[in-house]
Each structure stands twice: as structure tokens, then as C-alpha cells.
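Here the structure is laid out as C-alpha cells; the discussion comes afterwards.
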Amino acid sequence: EPLICIVHSNVGLMHATMGIFNAWCDRVPMVIIGATGPVDASLRRPHIDWIHTASDQGGLIRDYVKWDDQPGSPEATVEAIRKGRQIACTPPYGPVYICLDAAVQEMQLDEWPEFNDVGRYQSPPPPGVSAGVVEEVAELLLSANNPLILAGRMERTEDAWNKRVRLAEATGAKAVNNSWQEVGFPTNHPLSVPNIAGFFVGGPVRDAHEAAEVVLSLDWFDLGGTMNHAWNGGEVKPKVINCSIDYHLHGGWSKDHGQNGPIDIHVPTTPEAFIDELLPIVEKAGKGQTYQVIEPVPVEPHEQGPIGIRDMAQAVRSVMQDDDISLISHTIGWPNDEAYYNHPWAYLGNAGGGGLGAGTGNAIGAALALRDKKSKYLPMAILGDGDFLMGATALWAAAHERIPVLIVVANNNSYFNDEMHQEAVAKKRGRPPENRWIGQRLDDPEVDICALAEAQGLSAEGPVDNREDLIPALKASIEKVRAGASLVLEVKVTPEYATSPVHERKGGGE
């Protein structure tokens with residue numbers, strides 16, 4: 001469900017562009033309302049109205065919104081908002097933008113616009129599947145010894161979650177999650193591949209690809225890129241079934257559609273609509289069996305010492321195994337084999353467009369949704385210090401609106417992702433890799449993370465810099481958030497990645 005977001009004229013829209021792009025890449029419904037100064041030049045005040053007026057403000061973001069409009073009357077504004085919500089909530093989801101002329105906003109109303117019954121302006125359902133396709137896919141999955149499901153963009157409901165599990169069990173298919181998207185399949189299920197796919201394909205995920213005779217992609221992001229990397233640029237051997245209508249949003253400006261890959265069967269609908277038709281057929285075949293969830297492996301108490309990124313991930317896994325947690329995001333380089341996701345809101349995925357500074361806003365928005373739906377799941381976000389600092393002023397909204405949220409700042413005193421890239425470039429070009437820190441370190445002086453959080457009205461704890469203290473500190477913070485606190489916990493981590501995001505491009509580029 002979308003929030004309505006209001007931005008201040010063209011300058012507010014310029015600030016919002018990265019957040020809108022993140023929403024676009026994540027296929028998140030959003031209704032953004034902005035404004036322009038008076039389109040009628042005779043109504044503009046000196047200076048301020050002129051710099052806040054644009055002739056085609058929607059052009060700033062038209063390449064990464066589904067639709068935009070600039071209505072010319074109060075009646076047309078009602079129609080635009082109604083239509084905008086309808087379009088934003090039609091799969092594939094995405095943001096829309098509605099620009100309101102200042103003169104229209106200030107127009108005197110002789111009568112109130114007619115709103116009508118908003119229930120009659122709902123989004124259309126996803127399309128059905130062509131005749132014979134469901135049966136063909138069912139036959140392929142049931143006849144395969146090692147089918148593989150790629151769990152991509154998914155509906156976050158218990159019903160959809162349970163149906164995906166039933167589909168895997170009925171076909172004996174292994175399932176893979178994506179570390180950049182919301183979790184689509186429980187990691188504590190025996191059919192879950194014991195790792196999560198990142199940008200690149202390796203380890204158990206690569207093994208699952210190589211063993212598969214059939215791959216069912218459920219709206220997987222960059223399917224072509226994943227298959228190309230899994231098969232080292234060679235022939236993709238399994239049959240590939242792609243269930244997605246994402247192609248409706250593929251344009252020319254943004255390349256977020258990913259690489260074009262080999263697809264043997266197109267299923268042009270949403271995964272949920274397709275599973276509703278497919279599940280009765282495969283379950284009726286009677287091939288499935290009952291599976292018991294895997295009992296979580298306890299995390300041994302940490303000994304004294306500095307905190308590495310794997311220590312951090314193990315501590316998060318420990319509290320997620322013991323408590324009802326919704327992990328909103330984690331840092332780059334997170335060890336995917338430490339994931340423990342056993343419900344639809346266990347992991348919400350990182351910022352879709354990789355937009356900098358999104359972490360705090362995403363955390364607070366997700367926490368607001370969980371609060372308002374009275375969810376039992378506690379919102380927790382793991383942010384790097386760089387991401388946190390770029391959006392720290394968003395924290396005030398959490399304090400002002402009394403939004404319970406736990407933001408854990410993994411502080412390595414660096415924009416460390418760029419250190420990794422600069423080191424890779426230096427090695428390739430024969431330059432000193434020890435200079436990778438230049439322009440990236442945040443240690444002279446160090447930023448006081450806790451003071452910054454407290455200045456926005458939040459509670460703050462830390463810094464925690466000893467492995468032995470990390471799990472107790474997390475549990476204590478969770479208890480305070482359960483009591484209603486908006487809290488930032490600072491954790492000092494060593495500058496390292498458990499999984500490197502740096503990978504050499506074809507042709508030797510960096």
C-alpha cells in the first residue's frame with residue numbers, strides 16, 4: 001500500500017529524485033504530490049515564485065515514474081490523485097507524480113469537488129495465464145529431478161508465503177532468495193538453498209543452478225544477468241520459465257530491466273496469480289512430501305575482541321532466532337550464509353536503486369508501516385555509518401511520530417565500499433593499494449554517532465566495540481524498542497567485508 005508523499009515544488013522534487021528512483025527499481029507503489037509556482041506568469045510574486053516554477057516539472061523524473069500529471073482544477077486534482085493511486089497499485093508497481101499549480105491550490109471553491117465512491121476506482125487484477133501454459137509448466141517441474149525456484153519480487157503476506165512453500169514442497173524444488181530484494185522463501189526450510197544470492201552467483205547457489213534441469217523465475221531481478229553469471233557466459237542448460245510482467249516498465253533511460261536472458265516459457269502475470277493456478281495441479285499429482293523446518297543453530301557466545309562483520313551478522317542471526325524481528329536492511333558485504341528468515345517480513349531488502357542515504361528513511365518508513373498494522377515484528381535496520389550520516393535528519397520524524405525502531409549503525413569510520421573499489425583499481429593500475437583510504441575515511445575527527453541521534457530526539461546506546469558485549473547490547477536495545485523507544489545503537493566494526501561486492505567486469509574494466 002502506498003503512502004502519499006508531499007514534496008515542496010521543484011526544489012523538493014530535486015531532493016526526492018533518488019528516493020523515487022529507489023522506489024522505481026524496487027517496484028514500490030508511491031503517490032508523490034508536488035507543486036509548481038503559478039503557471040500564469042501574471043500571478044507570480046517577484047523572485048520566489050519564479051525560481052519555484054517549471055514548465056514541465058514532471059520531466060525531471062518521467063523516466064522513472066509510471067505516470068505523471070499536472071491537473072488544472074480542483075476537480076481534476078481529485079481525478080489525478082485517484083488515477084495516480086490506481087496506476088501505482090497496478091502490477092508492476094511503481095511511483096507516480098502529480099504536480100499542483102500554486103494558483104490551483106489557492107483557488108476559491110464555490111462548491112466542493114465530488115469524490116464519489118473511491119471503491120469503484122480500484123486497480124485491475126493481474127492478467128490470467130494463457131491456456132495450456134500452467135499445465136506445461138507443471139509437467140516440466142514435476143518431471144525434473146532438480147527444479148530450482150528463484151524467489152524474486154514477492155507479495156508480503158502470510159498467504160502468498162505459505163503458497164510458495166507449498167509449491168516447492170509439491171515439486172521438490174530448491175528455492176533461492178536474493179540479498180537485494182525482500183525474502184520470498186524461508187531459509188530454515190530444507191528446500192532452501194543454504195545461502196542467499198548476491199550480485200554474483202557462487203557457492204551453493206551456483207551448485208543449485210548447475211544441478212537444475214528447470215528454473216522457475218518468480219519475478220527475479222536481472223534474470224539474464226544471474227543466468228549468464230551462473231553459467232560463466234556459456235550456454236544456459238536448464239529450461240527457464242519466467243513469471244513476470246515487469247517488461248511493462250522497461251524503457252530506454254534506465255537499464256534496471258537487467259540483461260536479456262534465454263527464456264523458454266514466458267508467464268506474463270504476477271507470481272501470486274500464477275501460483276494460484278499452478279498449485280492445485282502440482283499438489284494433485286501427489287509427488288510432494290512433508291518437510292520439517294530446520295532447527296536454528298545457536299550462536300555461541302562471543303569472546304572478547306574486535307567486532308568483524310561476520311560477528312555482527314551472527315549476533316543479528318542470534319536475536320532473529322530468538323525474537324520476532326523484521327530486518328529492514330543490512331550493509332553491503334553481509335555474509336549471506338548467516339541469514340535466518342522465517343516469515344514474510346523477516347527481511348525487506350536493501351534500497352532497490354542503490355541510492356545513497358536511503359537507509360534511515362527506509363528504516364523509518366518500514367517501522368511506521370509495521371507500527372500502524374500493529375505487527376508483532378520489531379523493525380531493525382543495519383546501516384553503515386556513511387549511509388546513516390547522509391540521511392540522519394530523517395531520524396527526527398521517528399522521534400516526532402513516536403515510531404518504535406532500532407537502527408544499528410555498523411561504524412567502520414569509512415565510506416568503505418569505495419575503499420574496496422579504490423583498492424581494486426589501484427592493484428589493476430599498479431598504484432599503491434594502501435592509499436585506498438584517501439577521501440573515504442571518517443576518522444579525523446570521528447563523528448559522534450550517538451550524539452547525532454540524540455540531537456534528533458532519539459535514544460542512543462554505544463559505541464559497542466567488544467564482541468563479547470554485542471549480543472547483550474542488541475537484546476537490551478530490542479527490549480527498549482519493544483517498550484516504545486526510537487533507538488540508535490552504534491557498533492564499532494572492523495573495516496572489512498565478509499562477501500566482496502567488487503567483481504571484475506568483462507574487458508578488464510573496474
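So the values come out like this:
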{"item": "Whole-number accessible area per residue in Å² for region 326-381, which is evaluated in the context of all protein chains at 1.4 Å", "result": "31 Å²"}
{"item": "Cα-derived Rg over Rh, computed across region 77-134 with Rh taken as Kirkwood radius", "result": "1.18"}
{"item": "Charge dipole magnitude, Cβ of K and R +1, D and E -1 - region 176-251, Cα centre, debye nearest 20", "result": "100 debye"}
{"item": "Distance between region 337-397 and region 88-123 - C-alpha centres, whole angstrom", "result": "29 Å"}
{"item": "Cα-projected label distance for Asp110 with Asp324, points at 7 Å along beta-carbon direction, nm", "result": "5.5 nm"}
{"item": "Length released on extending from His8 to Ser55, taking residue separation times 0.36 nm less the Cα-Cα span", "result": "15.3 nm"}
{"item": "Percentage of interatomic Cα-Cα distances in region 113-201 larger than 24 Å", "result": "37 percent"}
{"item": "Separation of the Ile438 and Glu210 label points, Cα + 7 Å toward Cβ, nm", "result": "4.2 nm"}
{"item": "Between region 7-62 and region 274-299, the Cα center-to-center distance that results, in Å", "result": "47 Å"}
{"item": "Proximal lysines relative to Lys83, as straight alpha-carbon distance under 21 Å, when same-chain residues fewer than 8 apart are discounted", "result": "Lys66"}
{"item": "The chain - mean residue ellipticity at 222 nm from DSSP helices (-39,500 (n - 2.57) per run, n ≥ 4, rounded to 500)", "result": "-10500 deg cm²/dmol"}
{"item": "Among Asn22, Asn177, Leu470 - extreme Cα towards positive end, dipole of the chain, charges at beta-carbon", "result": "Asn177"}
{"item": "Volume in Å³ per residue [convex hull over Cα atoms, computed for region 138-256]", "result": "112 Å³"}
{"item": "Cα-centre dipole for region 1-139 with unit charges at Cβ (Lys and Arg positive, Asp and Glu negative), debye to 20", "result": "360 debye"}
{"item": "Scaled radius of gyration (Cα, divided by 2.2 N^0.38 Å) that region 279-338 gives", "result": "1.68"}
{"item": "Kirkwood Rh (inverse of mean 1/r, distinct Cα pairs), region 1-99, angstrom", "result": "13.7 Å"}
{"item": "Region 399-447: Rg to Rh, with Rh as the Kirkwood radius over Cα pairs", "result": "1.25"}
{"item": "Region 10-49 pair-distance distribution - Cα-Cα, 5 Å bins, rounded %", "result": "5, 19, 22, 17, 12, 10, 9, 5, 1"}
{"item": "Candidate residues Val214, Val447: accessible-area rank, largest first, probe 1.4 Å", "result": "Val447, Val214"}
{"item": "Kirkwood hydrodynamic radius of region 61-109, Cα pairs, Å", "result": "11.4 Å"}
{"item": "Qualifying GluC sites (Glu not before Pro) for region 301-407 [loop in DSSP, other Cβ within 10 Å: at most 13]", "result": "Glu303, Glu401"}
{"item": "Region 72-205, accessible surface, carbon-and-sulfur percent (1.4 angstrom probe)", "result": "52 percent"}
{"item": "If the convex hull is drawn through the Cα atoms of region 407-483, its volume per residue in Å³", "result": "115 Å³"}
{"item": "Estimated FRET transfer efficiency when R0 is 41 angstrom, pair Asp63-His343 (beta carbons, to 0.05)", "result": "0.70"}
{"item": "Rg ratio (alpha-carbon, reference 2.2 N^0.38 Å) - region 348-460", "result": "1.25"}
{"item": "Excluding exposed DSSP-loop trypsin sites (Lys or Arg not before Pro) (at most 16 other C-beta within 10 Å), longest clean stretch of the chain", "result": "1-155"}
{"item": "Rounded to 5, percent antiparallel among DSSP beta bridges of the chain", "result": "5 percent"}
{"item": "Equivalent ellipsoid semi-axes - Cα gyration tensor, region 289-374, angstrom", "result": "23, 20, 13"}
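The values are calculated or read from the model by the stated rules, or taken from the named source; none is laboratory data. Note that the structure is a prediction, hence the values are computed from the model and not measured. Cβ atoms come from the backbone with ideal geometry, glycine included; neighbour counts cover every protein chain shown. Surface areas here come from the heavy atoms of the whole protein model, side chains and all, with no ligands, DNA or RNA. Shrake-Rupley method; radii C 1.70, N 1.55, O 1.52, S 1.80 Å.
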